[in-house]
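All of the numbers you see were taken from the coordinates with simple rules; none came from a lab. Keep in mind that what you see is a predicted model, and the values were worked out from it rather than measured. Note that each Cβ is placed from the backbone with ideal geometry, even for glycine, and that neighbours are counted across all protein chains shown.
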Amino acid sequence: MELIVGNQKWNRGAALFIRQSVFVTERGIAREDEFDAKDTDETIYVVAYEDASHPAATARYEKMDAETVRPGRVATLPAYR
């Protein structure tokens, strides 16, 4: 596994794909509730990749202050649980 931390568009896309799969499709949460105003181009996402093309798990980091982040929206695809 490789962890990528950042706000690159491709990493954000992987994070949103995982959240769509887990929360919206699997768990039935409304898209409008899952994807909120905290999902911006500046948001930092952590994505675990099985290899360069297979995202497996994600978390969203919310900056609280200069030294603190709060992880949220943690999700793992079923095959990797």
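Of the GluC sites (Glu not before Pro) found in the chain, those in coil by DSSP whose Cβ has at most 16 other Cβ atoms within 10 Å are Glu42, Glu50, Glu67.
Each listed q (0.11, 0.16, 0.24 Å⁻¹) maps to a log10 I(q)/I(0) for the chain from the Debye sum over equal C-alpha point scatterers, namely -0.26, -0.56, -1.19. With the simple spin-label model, which puts each label point 7 Å out from Cα in the Cβ direction, the Ser53 to Ala66 separation comes to 4.4 nm. 3J(HN,Hα) along the range 14-28: 5, 4, 5, 4, 4, 5, 4, 5, 7, 7, 7, 6, 6, 8, x Hz, from the Karplus curve 6.51 cos²θ - 1.76 cosθ + 1.60 with θ = phi - 60°, whole Hz, x for Gly and Pro. Evaluated with a Cβ-only charge set (Lys, Arg +1; Asp, Glu -1), the range 1-56 carries a dipole of roughly 40 debye about its Cα centre, given to the nearest 20.
Report the relative contact order of the range 3-81, percent, no decimals, based on alpha-carbon pairs under 8 angstrom and at least 6 residues apart.
32 percent
Helices in the chain, meaning DSSP H runs of at least 4 residues, each add -39500 (n - 2.57). Divided by all residues, the mean residue ellipticity at 222 nm is -5000 deg cm²/dmol. Rounded to 0.05, the FRET efficiency of the Glu32 and Tyr80 pair, given R0 = 30 Å and the Cβ-Cβ distance, is 0.65.
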